[in-house]
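Accompanying notes for the structure given below.
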Amino acid sequence: MTPSSPQHAGATPLTIDRWLRQQMVRAPIRDVDRYLVGLRWAGILLLTTPALLFRARPPFQTPSLLILTGIVAYNIIFSIYNWQRRPLAQGHAILPVLGDVIQFVALTIAARGHHSFYFVFALMAALEIALGYRWKVALAGVLVLAGLQLGLEVVPAPKPMPDFIAYLMVMKFILILLVGAFAIAFSELVRREERLRMEMSRAAERVAELNTLLMRLGESALDTGRVLETILESVHTVPGIRSSMVLSWSPDGHCWQVVASTHLPFDYGDCLDDFPVETEDNIYFAAGEGTRELIPLPPFVTDPAIRRVSGVYLRSPEGEWLGMLVLGREQADPLPPEDMAFLQSLAMEAGLALRNARLYAQEQAHVARLERFQSVQRTYFSAISHELKTPLAVLKMLIPTLDHWDTMPPATRREIQETMASNLQRLENMIRDSLESDRLDAGGVVLNPRPVSVSEAIHIAHEAMKPLLAQKHLIWQEAIPPGLPEVRADPARLDRILENLLSNAAKFSPQGGQIRVVVGRADESFVQICVEDQGPGVPPAERPHVFDRFYTTASQDEALKGVGLGLFIARRLVELHGGRIWVEDAPGGGGRFCFTLPVIPSPEDSHAESYETYPDHR
């Protein structure tokens, strides 16, 4: 981004007075005003002595007692003001210069030009101009002052002018020029040395600040939030900073988002669509007064003192864009080179710290996933061992009773048959679930969708669940509105989804509890089926993981914990159908598992949607 030359619309117009004030500089010598006070009185005494000694002899003329008293009184007051206020040292040279120029002009006119020693005040004004203004303005001011002095003496001089008088006029003119030139050279030399000293001091401070920043970034424990906080605090060592924030490119590549800011509270993730990103060196950018771009501040930054936005890009050592550091500044001028170099060094260190923090966060997430996988794996093997051990123990116990099969009463034989069948079915279900989950993970499950009646599928699931419902004396309720459209589903897989959800509800429902199936339209394209129970429900913290493979909630009773495949299989089958599944609290307490399935499109919409396409309704 290249700054433009046109004046900003809201800027104050530049007047001669403002321009002169901008040309004034703070004197590098702290006690320069007090030195000039001593020099003033030394000059007055030195130049009044010949006049008092030679009295009325030309070219000297003793001032009257009234004028001499006025000069002394005025300069005493003027000296006290300069001694106490030190205007030159503070960068306010207008009043001392005007005071001495007016005094010099008035006294020279009163003394009829060449018959005076009052040009000493012209010398004082030349020194004040040289010490109080930049060298170009100071040189022009000294030339004007010397010309004024020469004009004031030439105009009233006698004609023809004696050689001695002309010699004195020229010598005064040259003396003012020489004094002014030497003072300007001395002032510029001292200012340059002072500026160099300040730059070296500032550079040392910057190095110390960067060292402190590196230590603080090292102490941030690779936490991204603490790294961002440290970066924002560090940039406020740059003068004139009113606000700072860190932007990050949105994951969808849409805009720059605010991820940290000194303005609190700030809108995390707030987008800045029109933020300027064009730069000359791909590092530094600016917007606002003095540039072509308007200030793109987010709504929560309402500081009217911000006139310009400057910043740097945060990049990793590999060149990856990590974000940008944005500064709201009071000054409309570009950043000085030393501040820009500091920000670029800060951006380089911040980019490295952010990269390390992100890598650390990714590693921690990977470690957490591994630990969770190991924990789930241990839980799975423990659960599968328990699930296998129970039916095997029952079968092992019942096998010896077969030796007395012919002598057993019919009722006992039926009970043994039912027990052996249910335990064999339990083993078969575990093997089936394990194989089904492996096929789902490998993408080996292929659906055979066709129009299916939801009410008929629920009726079939109810018939299959009746033995389990009777075992725990569970009450079955269903709410299925008439006129529901058919859904596009694989009948066998839909039965499996309902079986897993209903088995889960029956497992966690108390004795004599209630299981309720509620069906309705989710929207124009989907039917929603919910299974409600009166069990303990699923805590909100565990809901994002309850459909994960091998996951069992920490709140489950050990006797109720399964292998953790039923809900995983239900989720994957629902997603294959193009629907979604979730868990929430039931209205009367307990858990409520809901899923959606796509409906069969109406005949008038059949040309717009093929049966071979399944939308991802999430």
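What to note about this one:
- Top-ranked residue of region 456-502 - restricted to ones that are at pLDDT below 90 and among the polar types (S, T, N, Q), ranked as farthest from Leu597 (Cα to Cα): Gln471
- Of the residues Leu359, Leu297, Leu325, the single one that is under 22 Å from Gln257 (Cβ atoms) and crowded, with 21+ Cβ neighbours inside 10 Å is Leu325.
- Residue within region 144-165 that is in a helix (DSSP H, G or I), more than 30 Å from Val32 (Cβ to Cβ), open to solvent by less than 40 Å² (accessible area, probe 1.4 Å) and hydrophobic (A, V, I, L, M, F, W, C) present: yes
- Set Ala332, Ala350, Ala361: member being modelled with pLDDT of 75 or more and under 18 Å from Arg308 (Cβ atoms): Ala332
- Taken over region 472-504, residues that are in contact with a helix residue (DSSP H, G or I) (Cβ under 9 Å, 6 or more places away or on another chain) and in a helix (DSSP H, G or I) amount to 13.
- Among residues of region 522-547 that are acidic (Asp, Glu), those with a beta-carbon under 6 Å from a residue that is open to solvent by less than 40 Å² (accessible area, probe 1.4 Å) and not in a helix (DSSP H, G or I) at least six positions away or on a different chain give the pairs Glu532/Ala586; Glu532/Arg592; Asp533/Ser509; Asp533/Ile515; Asp533/Gly590; Asp533/Gly591; Glu542/Thr553.
- Considering region 36-55, and only residues there that are hydrophobic (A, V, I, L, M, F, W, C) and either touching a Ser or Thr at 6+ places or on another chain (Cβ under 6 Å) or within 16 Å of Thr108 (Cβ to Cβ) (or both), the residue that is modelled with the highest pLDDT turns out to be Val37.
- Annotation note: of Gly70, Gly91, the sole residue that is in a helix (DSSP H, G or I) and not polar (S, T, N, Q) is Gly70.
The values are calculated or read from the model by the stated rules, or taken from the named source; none is laboratory data. Bear in mind the structure is a predicted one, so any value in this text is a computation, not a measurement. Methodologically, a virtual Cβ is constructed for each residue, glycine included, from the backbone with ideal geometry; neighbour enumeration extends over all protein chains shown. Remember, those area values only see protein heavy atoms, side chains included, never the ligands or the DNA or RNA. Shrake-Rupley method; radii C 1.70, N 1.55, O 1.52, S 1.80 Å.
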